[in-house]
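Data block below; observations after.
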């Protein structure tokens, strides 16, 4: 017989001072028959002010290792030992069956970082040109960048991003045509 356990009560989160909830007056909707056909079938969309962004290129290092406990700390320590600053990065192990871990890093000193990764046993190290986009940390920023790239007919292979402060966000993109993506983003 299974042992019953008592569920713990959810923890209360500390929050800043509560903001008053302000409800907008309901908008009057036109009857469906009065709306143009394109509007009737279009999905609901939100419109946001256009966030500003800058685009540059960076070299991204991708290194694979046999997966092991403490590998992230080992990679980070190797960067510290070479006095290398990690500007952006991801690290993951796809599954227990693969038994490989992949680290993707953008650093301030490529040569030192590659040397450090080799020294700690990277199976493979590859360099790749990527787009490094800094944007306002606002709703709609990623959508504007991704839509600009897509409208130019360029496929985005992958991206990752984070907020680097309360006001800005950093996004890294790898596309099918990085040079064309740079041109269209700079023109946007």
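Where a number appears in this text, it was derived from the coordinates with a stated rule and is not lab data. Bear in mind the structure is a predicted one, so any value in this text is a computation, not a measurement. Cβ: placed from backbone, ideal geometry, glycine included. Neighbour counts: every protein chain shown.
What is the extension gain from residue 138 to residue 93, computed as 0.36 nm multiplied by their sequence separation minus the C-alpha to C-alpha distance, in nm to one decimal?
So the chain would gain 13.1 nm between residue 138 and residue 93.
Order of 184, 107 from fewest to most other C-beta atoms within 10 Å? Mind showing how you got there, number by number?
On the way: 184 16, 107 23.
Result, fewest neighbours first: 184, 107.
How high is the relative contact order of the range 125-188? Use alpha-carbon pairs under 8 Å, at least six apart in sequence, and give a whole percent. Write out the running numbers ahead of the final one.
Values: 87 pairs, mean separation 26.4, N = 64.
The normalised contact order for the range 125-188 reaches 41 percent.
So between residue 183 and residue 56, what do we pick up on full extension, going 0.36 nm a residue minus the alpha carbon distance? Let's see the in-between values first.
On the way: separation 127, 0.36 × 127 = 45.72 nm, distance 1.04 nm.
Value of the extension gain: 44.7 nm.
Arranged by the count of other C-beta atoms within 10 angstrom, fewest first, what order do 139, 55 take?
On the way: 139 11, 55 20.
Fewest to most other Cβ atoms nearby, the residues stand as 139, 55.
Using Cβ counts within 10 Å as a stand-in for footprinting exposure, how do 144, 74, 138 rank, fewest first? Each step should come with its number before you reach the end.
Numbers: 144 20, 74 13, 138 16.
Fewest-to-most Cβ neighbours within 10 Å comes out as 74, 138, 144.
Once you have the Cα-Cα distance between residue 150 and residue 125, take 0.36 nm times their residue separation minus that, and quote the gain in nm to one decimal.
Values: separation 25, 0.36 × 25 = 9.00 nm, distance 2.94 nm.
My answer for the length gained is 6.1 nm.
With only alpha-carbon atoms in the gyration tensor, what are the semi-axes of the equivalent ellipsoid for the range 123-188, in Å, largest first?
The answer is 20, 17, 9 Å, longest axis first.
Rounded, prolate or oblate, given the Cα gyration tensor of the range 53-187, with a/c below 1.5 counting as rounded?
Details: a/c = 2.00, a/b = 1.80, b/c = 1.11.
Prolate, because a/c is 1.5 or more and a/b exceeds b/c.
Counting alpha carbon pairs within less than 8 Å and at least 6 residues apart, what relative contact order, in whole percent, applies to the range 53-187? Working shown, then result.
Values: 238 pairs, mean separation 38.6, N = 135.
Contact order relative to length: 29 percent.
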